[in-house]
Amino acid sequence: MATAEEALRRYNTSFQRHLSFFDQNGDGFIHFGECLRGNLAIGLDFPVAVGMTLVYHVAYGNTRPFFFGPFNPIEVARVKSERNMLEHVRLNEVPAAGMGRSALVSSAQPAGLVDRTHVYGLWAITADRQGNISPNDIKMYQEGTMLYDLAKRRRDNRDHVLPLYRGGPISVAGHSWFVDKLFGVKVYQLPDENKSK
């Protein structure tokens, strides 16, 4: 899997860097299975992860002429998006406790329904238990490296479990076991599981 540092060197836009998180083998293409494992790694429940994977592939799988479909790989370098959904958020104005959903949407100034949905989705997968996104998470999002850090937080312990109403698992222990055994994704591990692996 690529690292945040590699993504910063390799891709020009923050959105390409976000997408590069899903490129598990670093070949510049995101295949359906890679995207699914990436969505599981950031803590999404299996059905939600499958749905998000389909959305990504339908929305961005049309990066090469004459090839389209949900199972077509996404070529990260060909995805054109200069916009950053949080580009209008000024870090010096973000409270230390972070921003809640309404404040984030207001500061982001989304241009339409798709942008607003994107900002809500970002909030849903990133916000802490109090519903706030930290200034550091906003900064990493603006750089395009947030998903790398988010996956690490969700892998290393169960203090960062994504709530069910925001796409998280029904059973944390069952989900952790299931995605590890079937997909090789380490997520929501207990401290003793981290030491043994």
When you scan the range 1-50, how many residues do you find that are part of a helix (DSSP H, G or I) and of a type in the set (Phe, Trp, Tyr)?
-> 3
Among the residues listed as HIS88, HIS160, the single one being in contact (Cβ under 8 Å) with a residue 40 or more places away in the chain, open to solvent by 30 Å² or more (accessible area, probe 1.4 Å) and assigned to a loop (DSSP other than H, G, I, E, B) | HIS160
GLN142: of a type in the set (S, T, N, Q), touching a helix residue (DSSP H, G or I) at 6+ places or on another chain (Cβ under 7 Å) and in a helix (DSSP H, G or I), yes or no?
-> yes
Restrict the check to the range 11-22 and report whether at least one residue is crowded, with 16+ Cβ neighbours inside 10 Å, of a type in the set (A, V, I, L, M, F, W, C), within 19 Å of ARG166 (Cα to Cα) and at pLDDT 85 or above.
-> no
Counting only residues that are under 13 Å from the mean Cα position of the chain (by Cα) and open to solvent by 40 Å² or more (accessible area, probe 1.4 Å), how many does the range 25-43 have?
-> 1
Scan the range 111-124 for residues that are in contact (Cβ under 8 Å) with a residue 24 or more places away in the chain and open to solvent by less than 30 Å² (accessible area, probe 1.4 Å) and jot them down.
-> ASP115, VAL119, LEU122, ALA124
Positions within the range 145-157 being within 11 Å of the chain's Cα centre (by Cα) and part of a helix (DSSP H, G or I), in sequence order = MET146, LEU147, TYR148, ASP149, LEU150, ALA151
Say whether the condition of being at pLDDT 90 or above, out of contact with any helix residue (DSSP H, G or I) (no Cβ under 6 Å at 6 or more places or on another chain) and outside any helix (DSSP H, G or I) is met by at least one residue in the range 66-76.
-> no
Go through the range 108-138 residue by residue and tally those that are under 21 Å from SER14 (Cα atoms), outside any helix (DSSP H, G or I) and modelled with pLDDT of 85 or more.
-> 3
Going through the range 82-102 one residue at a time, which ones are modelled with pLDDT under 85, among the hydrophobic types (A, V, I, L, M, F, W, C) and farther than 18 Å from THR13 by Cα?
-> LEU91, VAL94
So is VAL105 over 20 Å from CYS35 (Cα atoms), open to solvent by 40 Å² or more (accessible area, probe 1.4 Å), in a helix (DSSP H, G or I) and at pLDDT below 85 or not?
-> no
Conditions (1) modelled with pLDDT of 75 or more; (2) under 23 Å from LYS152 (Cα atoms); (3) buried (at least 18 other Cβ atoms within 10 Å of the Cβ); number of the one not met by PHE46 | (3)
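The values are calculated or read from the model by the stated rules, or taken from the named source; none is laboratory data. All values reported here derive from a predicted model rather than from experimental measurement. Cβ sites come from the backbone with ideal geometry, for glycine too, and all protein chains shown count toward neighbours. With ligands, DNA and RNA removed, areas are computed over all heavy atoms of the protein, side chains included. Shrake-Rupley method; radii C 1.70, N 1.55, O 1.52, S 1.80 Å.
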